[in-house]
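What follows is one structure encoded as structure tokens, with my remarks underneath.
The values are calculated or read from the model by the stated rules, or taken from the named source; none is laboratory data. Note that the coordinates shown come from a computational prediction; the quantities given were computed from them, not determined experimentally. Every residue, glycine as well, gets a Cβ built from its backbone with ideal geometry; the counts of neighbours run over all protein chains shown. For the accessible areas, the whole protein counts, side chains as well, though only heavy atoms, and no ligand, DNA or RNA atoms are used. Shrake-Rupley method; radii C 1.70, N 1.55, O 1.52, S 1.80 Å.
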Amino acid sequence: MKTEGSGKPESRPAEGPRRPSRALVRAEQKLRGIPVSPGIVISTIYDTTEEPAEAPRRRIAADQVETERTRLTDAAALSRKQVGKLKTRLSVLPEEAQAELEPLLDAYILMLGNSRLLRGARKRIGDELLAAETAVQDEAEAIAAAILATKDDDKAGLNRRAAEVREIGRRLTRNLLATPFRSLKDVPPGAILISDELTPADAALLEPGRVAGVATEEGGADGHTAIMLRALGIPAVLGCHGLTAAARRGDPVVLDGTTGALTLHPGPEALAAAKEGLAAQAKERTRLSKLRRLPAETTDGQQVELQANLEIPAELPLIAAAGAVGIGLLRTEFLFMNREDLPDEDAQVQAYRGIVEAMGQDPVTIRVLDWGGEKDMEALAEGVPVPTGPNPALGLRGIRLLLKKPDLLEEQFAAILRVATLGQVRILLPMVTVPSEVAQAREIYERVARRLRRRGDSIPDKLPPLGAMIETPGAALAADAIALEADFFAIGTNDLAMYTLAVDRAEIDVAHLYDPLHPAVLRLMQFATEAALRLRMPVSVCGEMAGNPKLVPLLLGLGLRTLSMNASSVPRVKQAIRSLNIDDCARFARRVMEQSDPARIAQLVERFSAK
Ligand code: PEP
Ligand code: MG
């Protein structure tokens, strides 16, 4: 990322010293991040990191003291990590801002160590039986009050120190609460929300009609937060270094989710360019909407199925509007998020029924709960093992957790089976690595079906197909064996790339290494696709690759004919398909598969799509 700032430093104001002064950033400043959801927005900043974290006062029982102290220790470690990260990214800011922020961040890191604030909070937890967040708030307030009461002529300095303690108190509280930002509901209509990071659960709470755009410091292009934002059609730039240090609430801004550019205090030229971009965007939207009723068919008559990925019911209207035919991936974990408790069988039936009925006779592929990794769900913590091991992505995630907790799987299978007569339902298992996981899941599936029949529930005579996600290298290389157990495959290129390349898909520091065009990923996709095609078994791609029109020739060339993507990508993908010939795609794919260098593959892809 680079910044181009010509802000002239002015002396620091007496209060509010947490950020560079307003005057410092008032001149136009360009930041760059990862474009994750297209669209241009001209608006103002709404900074959730400035929001005081509201925590109701909470008392605890004597036997909870140690638990609360551990929560505090964990929150301090996380806060130190966050501030440390901010510090490593200072180099992208103008020098004046660096000089101002570096000592401040150092002071924060010290306060998050064995400081008076943390010692005092720990003591309050035990002495006064307070929850960690209440103890932190009380201690931060007490320290700030003591600083302000000090006899010293440097009032500005005292104000600054008190504000710093309160800021650290707020950061600790936010991390202790670990709940979706409550301030999300207060975002003024049309504002651009900025934050250190946004969890997938936070993103699922955003109202597309209200939040005009999103920008964060953290995050990668294929993490679930990015996926959610694309699904909701909210223009977004993630992984934008220097953002929270440079931007303040109310700052005017232009966000371009297509290029990843974010311009603070845009000058006349930047504003004129953004307005032009908006006009072009509106024109393109009208043009693409005309494709809705046309078939997804190549020039030589090959039909391609274009389906939608769905996370929350709010996206349903977008599916028909985009011209997708059915749902290729319903990520049910999003229905389980942001809740106090787990939805029981009846509550799940309600949720699935609405979706299946809305799709008529178009397919609805319901993936059973893929919990784990970054998709952390508070509700599952009670009574369900939480994958908090050293590496949650390699731990109890997806089908592994469900087979360990068969009650959860049985309940979900039962709920899906109860709506299966209403449409064309399929069931998908996440994170499969060995064929026996599919076999075990099928045993449970059939047992549940027998129970429902005995109970008199109406379920289809022929059970809906049970498929496997191919999203780990192990599953891809064992695809021929898994194909003997599963009824269909859905290739999850997001996790397949992450696990193949050992690169966290949501981690900004290694985002440059996350490349689904790496030949290792493509070879695994090819192997799995061919294993399915040999058995004439349905196979689709439902990772983010499927929604990239430039990659369509390659996917068709590899033999794939079903692609599932976020609804808003469907028109562009359809447009690409309608200009392609299958023989050309097959030749192109053969050429790509001969390459060993990801950069060369990217170049070939660009060239082919520019033809
Ligand atoms: C994938 O991994 O590609 C996928 C579609 O699943 P998710 O993104 O939900 O992990
Ligand atoms: Mg996945």
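Miscellaneous remarks
- Considering only alpha-carbon pairs that sit under 8 angstrom and 6 or more positions apart, the relative contact order computed for the chain is 14 percent.
- Placing dummy labels 7 Å off each Cα toward the beta-carbon, the span from residue 152 to residue 535 is 7.1 nm.
- Selection of trypsin sites (Lys or Arg not before Pro), the stretch 425-508, meeting DSSP coil and at most 12 other Cβ within 10 Å: 462
- Antiparallel beta bridges, as assigned by DSSP with both residues in the chain, represent about 40 percent of the total such bridges.
- Exposure of residue 214 as accessible area (Å², to 10), given a probe of 1.4 Å and all protein chains: 0 Å²
- Scalar couplings 3J(HN,Hα) for the stretch 246-251, obtained by applying the Karplus form with A = 6.51, B = -1.76, C = 1.60 to θ = phi - 60°, are 8, 9, 10, 3, x, 5 Hz; x denotes Gly and Pro.
- Residue-count net charge about residue 351 - beta-carbon cut-off 15 Å; Lys, Arg +1, Asp, Glu -1: -4
- Count Lys and Arg as plus one, Asp and Glu as minus one, and take only other residues whose Cβ is under 13 Å from that of residue 284; the net charge is then +4.
- Spherically averaged projected area of the stretch 299-610 from its Cα convex hull (nm²): 15.7 nm²
- Mean residue ellipticity at 222 nm, helices only, the chain: -14000 deg cm²/dmol; runs of at least 4 DSSP H residues each add -39,500 (n - 2.57), and the sum is divided by the number of residues.
- Here the contact order of the stretch 62-176, divided by its residue count and restricted to Cα pairs under 8 Å and six or more residues apart, works out to 32 percent.
- Pairs from the list 30/283; 81/550; 290/550; 81/275; 81/123; 405/462 with a Cα-Cα gap above 28 Å: 81/550; 81/275.
- Scalar couplings 3J(HN,Hα) for the stretch 108-118, obtained by applying the Karplus form with A = 6.51, B = -1.76, C = 1.60 to θ = phi - 60°, are 4, 4, 4, 5, 8, x, 7, 9, 4, 4, 6 Hz; x denotes Gly and Pro.
- Alpha-carbon spread of the chain, three principal axes, descending order, Å: 82, 61, 41
- Solvent-accessible area of the chain (1.4 angstrom probe, protein heavy atoms only): carbon and sulfur portion equals 52 percent.
- Solvent-accessible surface of the chain, taken per residue with a 1.4 Å probe and all protein chains present: 42 Å².
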